[in-house]
Amino acid sequence: LAFDLRIHPVDVLHVQYTAPPFCPVPVLATIHDLAFEHLPETFTRRGSMQLKLTVRRTARRAARIATVSEYSRRDLIETYGLAPEKVALTYNGIESRFSSKPESENEAIEIRQKFGISGDFLLAVGSLQPRKNLIRLIRAYSQLREDNPDFRHQLVIVGRKLWLADEIFSEVRSHKWAGDVVLTGYVEDQDLPALYRTAAAFVYPSIFEGFGLPPLEAMACGTPVITGNTSSLPEVCGDAALLIDPLDESDLRQAIIRIISDHSLREGLKQRGI
C-alpha cells in the first residue's frame, strides 16, 4: 500500500488501527480501543504483540486520530502520550433497521423457529473471544438455573468464533443446562433486530470496550440491557442499562433475576433505552 501510494498519491489515507510503515501521505487513524494494551491475556500472544507494535507506531505518526468514546480518547492520550488536540471524538451510531417495531406479526415465532429457540430467552451478541466474558455468563446462567427451578429462559449466544474460543464451547458442555444454551454462530444482519426484539433481556458482560455497539442496538429495539460498569460502557449506556461488575458472577445472576422479575424496571429501561 505504501508503495502504491507513492505512485498514486492521495490527499489523506484513512485506516483502522494500523497504517502501513513509511506511508508517504498524511494518515487519519481510527483507533477504537486499546484492549490489547490493557488485557493482552485476552488475545493470542502473537496478536497482542503485533497490535502493540503497529498501533503504537501508527498513533504516534498519524496526522490525526479518531476514536469512538471519551473513555478511549483519554486512554489514547494517556497510554501513548499524545497531544489532546490530536485525538478527536466521533461516537458510533446504529443503523435505522434497529428499532422497536416488528417487521411482521409473526416475527417472534419465525425467529425462534429459525434458530431453534423454544421459548423465552436471554440474548448475548458478540464475537466468541475472551474479552466478551462469555464463560462467566455461562457459569452465572447455569447457577441461576440450579438455584431457581422456575427460571426456564434459554441463553442464546450470537457471534462468530474468533481466537481462544474453544473454552467457551467446553464450558457450555460442562453444565447440565447445556441443552438450553443456543450457540447460533454468525447471524446475518437482517436477523439481528428480530432477535433483539424477541429477547426478554440483552446481556453484555464484556470486560473492556471502546464503545460497544450491541447494547445500543438492543436499546433501539426496546430490549432491556444488562452490561458491565467498566471502560466505555457506562458512558455509552448512561442510565438506560443495568450496570454490573462483569467479573462478579453473583452480581450478574442477581441482575438477570431483577430484570426478568421486575416489570417496572424492565419498562423503565426500555423507555430510557429508546
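Throughout, read-outs are computed from the coordinates displayed, never taken from laboratory work. Just so we're clear, the structure is a prediction, and the values are computed from it rather than from any experiment. Glycine gets a Cβ as well: all are built from the backbone with ideal geometry, and neighbour counts include every protein chain shown.
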**Prompt:** Using 7 Å Cα-to-Cβ label points, what is the His38/Ile7 separation (nm, one decimal)?
**Reply:** 4.3 nm
**Asked** When Rg is the radius of gyration of the Cα atoms in region 120-191 and Rh is its Kirkwood radius, what does Rg/Rh come to?
**Response** 0.96
**Message:** Report the Cα centroid-to-centroid distance between region 88-127 and region 1-73 in angstrom, as an integer.
**Reply:** 32 Å
**Prompt:** Once fully extended, how much extra length lies between Lys86 and Gln16, figured as 0.36 nm per residue of separation less the alpha-carbon to alpha-carbon distance?
**Reply:** 23.6 nm
**Message:** With just the Cα atoms defining each centre, how far is region 229-266 from region 152-228? Give it in Å.
**Reply:** 15 Å
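Calculate the FRET efficiency for Lys176 and Ser261 from the Cβ-Cβ distance with a Förster distance of 25 Å, rounded to the nearest 0.05. If you can, show how the numbers build up before the last one.
Working: r = 23 Å, r/R0 = 0.93.
Efficiency for this residue pair is about 0.60.
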**Asked** Given H placed 1.01 Å from N in the peptide plane, which residues other than close sequence neighbours of Cys221 have an amide H under 5 Å from its amide H?
**Response** none
**Asked** Which whole-Hz couplings ³J(HN,Hα) result when phi for each residue of region 67-76 is put into the Karplus expression 6.51 cos²θ - 1.76 cosθ + 1.60, θ = phi - 60°, listed in order with x for Gly and Pro?
**Response** 9, 10, 7, 5, 4, 5, 4, 4, 4, 4
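Any chance you could run the full-extension gain for Trp163 through Asp239? It's 0.36 nm times the residue separation minus the Cα-Cα distance, nm to one decimal. If you can, show how the numbers build up before the last one.
Numbers: separation 76, 0.36 × 76 = 27.36 nm, distance 3.25 nm.
This chain segment gains 24.1 nm when fully extended.
Explain nothing, just the number: relative contact order of region 2-136, from Cα pairs under 8 Å at least 6 residues apart, as a whole percent.
Values: 134 pairs, mean separation 24.2, N = 135.
In percent, rounded to a whole number, it is 18.
If the chain between Ile109 and Leu28 were fully stretched, how many nm would it gain, using 0.36 nm times the residue separation less the Cα-Cα distance?
On the way: separation 81, 0.36 × 81 = 29.16 nm, distance 4.56 nm.
Length gained, Ile109 through Leu28: 24.6 nm.
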**Request:** Find the Rg to Rh ratio for the chain, where Rh is the Kirkwood radius over alpha-carbon pairs and Rg uses the same atoms.
**Result:** 1.01
**Over the chain, relative contact order from alpha-carbon pairs under 8 Å, at least 6 apart, %** = 16 percent
**Fill in**
With Cα springs under 10 Å, the Gaussian network model of the chain assigns the largest mean-square fluctuation among Tyr91, Tyr204, Tyr71 to Tyr91
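Any idea what the dipole of region 1-102 comes to, in debye rounded to 20, about its Cα centre with Lys/Arg Cβ at +1 and Asp/Glu Cβ at -1? Please report the intermediate quantities before stating the final value.
On the way: 14 positive and 10 negative charges, 42 e Å.
Using only the charged Cβ atoms, the result is roughly 200 debye.
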**Message:** If the reach is capped at under 13 angstrom between alpha carbons, list the aspartates and glutamates near Lys114, excluding any in the same chain fewer than eight residues apart.
**Reply:** Glu188, Asp191
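Report, in deg cm²/dmol and to the nearest 500, the calculated mean residue ellipticity at 222 nm for the chain, where each DSSP H run with n ≥ 4 adds -39500 (n - 2.57) and the sum is divided by the residue count.
Numbers: 12 runs with 113 residues, N = 274.
Result for the chain: -12000 deg cm²/dmol, rounded to the nearest 500.
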**Quotient of Cα Rg and 2.2 N^0.38 Å for region 122-274, N being how many residues it contains** = 0.95
**Request:** Determine the relative contact order of region 155-274: mean sequence separation of Cα pairs under 8 Å and six or more apart, normalised by residue count, in whole percent.
**Result:** 21 percent
